[in-house]
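Asker: First, the structure itself, so that you have it in front of you.
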Amino acid sequence: AEAGLLLALGLRPRQVRRMFLLEGAALAVIGSVLGVAGAALYTKLVLRALATVWRGAVGAVEFEFVMPVGTLAIGAVSGVAVALLAMWLASRRQMRRSARELLGGENIEHRTSNIEHRSRNTAAWIGSLLLISAGGVALVGGGSPGVFFGAGALLLIAGLLFAVTALRKMAGGAALEELAQLGVRNAARRRGRSLATIAVLASGVFMVVAVDSFRHGPNAETARRDSGTGGFALVGESASPVYDDLNTAKGREQFALDDAVMSGVNVVPVRVKEGDDASCLNLNRALQPRLLGVKPGEMTVRFRFSKSDASWEKIGERSTSNVQLPTSKEPDEVAGIVDANTLQWALQKKIGDVIEYQNERGQMFRVKLVAAISGSMLQGNILISEDEFVRQFPNQGGYRFFLVDTPAEKVDAVRAELSRALQDRGLELTTTGQRLAEFQAVENTYLAIFQVLGGLGLLLGSAGLAIVVARNVLERRSEFGLLEAVGFRPVQLRRLVFAEHRWLIVWGLAIGTVSALVAVWPNLRERANGFPYGPMALMLAGMVIGCIFWTWLATWLALRGRGSGALRSE
């Protein structure tokens, strides 16, 4: 109405638009300044948490808070620029309407012919089908995480196009039979606002669900051989090498091990060549990780492959969990297996890359990374065949790394027995579940940092839903006043508003959730504990409750009092 009055007084549309843009720019600047301050506070809180409650994720590393002026300026200017662009697009459309329409507050959609409506609907359907087809091709084309993430993004866009088509169909229809149908039809009155609400909710849900899917839960199935523990119950390291085989009667007699306790226990000894710590507990980049020499037969049907080099013999398909250590094909090349996280983040390499080492004769040899195992407790190490290890390091006698396979009911007894018998060798044993949890805690910490940002985006999206609801109701106060005058009770009016917006909530949450699950399906498929039905359901339930709360709050605030006052002004 204010814009219509200014146009009626003789101002040109460009002048009116400039006035509104200046007003909006002032608010955008204030918002950007508050955002920059909030970002600095958030960063300080994260660094504080990394120095206290999340200390285990960074070890002894000390962080210092630095606030570059250039970074703050880029953030503030970008926020203002995006806000101005949105306001310019909105005001450009508004200024196309006449002064009479603006003064009367009429909500007149851009008129198009039936042919135009049909062509736009056809275009939306074709675009949606093309995007879904592209997503299907991406799904069939390969199992890499990048392909699936692209498919999820395509499905997100396709879902939004389907929502556009559905909103257009909801605008018309047969005679209304109940109040809820009126609310559903009202959702299509402002298709732009409705689509924006769906898009913001869907994007926020996509972010939160995608990040949460990478979070590691409790290690409830550590005894499974295809889990990150490989089915081992204990893992240990000794300060001095052990030369005897603890699985034989002679070796157990050497260390006075109780046969009753050690019955049914298998100790896998591993040779060790010290190197850089390449686990996630070390924030520095590792150049030459520690080498572990193990008998190939001891690792059969253990852990799970996530990637492999098909050019090497005995490396099966990705779906297999049979870890093998192939024989070297080149005289100066050794095949190695590495943890997938170590490969990607600590080493920043890929399958087929090589790492050079120097053997005891001063000669250089190469370790070719031929396979990666997913989410294992062997993070930070490279596994090679024991024969290759002895060939390169013949003077590295004995074993200093041990994997213990024991029945679950004997874990504590075996741990106590081995610690007692090998205390002179400095053996330190821990449960594999605890070792794996230490690595997973680091990942969960960083995921929590990003998930807070995703949750903030979702909170802004649900709060934005409240703003849209409140604005829709306030703009139609006279309409609700008329309904109240003809006998509708306030509770019925609130029910009408909720019926108008509930499908926007459902569509936003459904589109975001489905597309996110497709995007992160490879990660969910490789989880040893299976699909996280419980945590995912709780998270989605929380989102639904949050959206319903914001909608109820906005409706209650906007419909306070009686609408007869707004009706009298008509």
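No lab work stands behind these numbers, since they all come straight from the coordinates. All figures in this text were calculated on a predicted structure; none of them were measured in a lab. So basically every Cβ, Gly included, is an ideal-geometry build from the backbone, and we count neighbours across all protein chains shown.
Asker: Given +1 on the Cβ of Lys and Arg, -1 on the Cβ of Asp and Glu, and no further charges, what dipole in debye does the stretch 375-425 carry about its Cα centre, rounded to the nearest 20?
Answerer: My answer is approximately 180 debye.
Asker: Name the shape class, rounded, prolate or oblate, that the alpha-carbon gyration tensor gives for the stretch 369-477, where a ≥ b ≥ c are the square roots of its eigenvalues, rounded holds for a/c under 1.5, and otherwise prolate holds if a/b is larger than b/c and oblate otherwise.
Answerer: It comes out prolate by the Cα gyration axes.
Asker: Tally Lys/Arg at +1 and Asp/Glu at -1 over every other residue whose Cβ is under 9 Å from the Cβ of VAL468; what's the total?
Answerer: Once positives and negatives cancel, what remains is +3.
Asker: To the nearest 20 Debye, how big is the dipole of the stretch 1-92 about its Cα centre, given +1 on the beta carbon of each Lys and Arg and -1 on that of each Asp and Glu?
Answerer: In total the dipole reaches around 300 debye.
Asker: I need the shape label for the stretch 340-427. Rule: rounded when a/c is under 1.5, else prolate if a/b > b/c, else oblate, with a, b, c from the alpha carbon gyration tensor. Present the calculation step by step, with values, prior to reporting the outcome.
Answerer: Values: a/c = 3.04, a/b = 1.47, b/c = 2.06.
The shape class here is oblate.
Asker: Assign one of three labels to the stretch 1-65, namely rounded, prolate or oblate, based on the Cα gyration tensor with a ≥ b ≥ c the square roots of its eigenvalues; rounded applies when a/c is under 1.5, prolate when it is not and a/b is larger than b/c, and oblate otherwise.
Answerer: prolate
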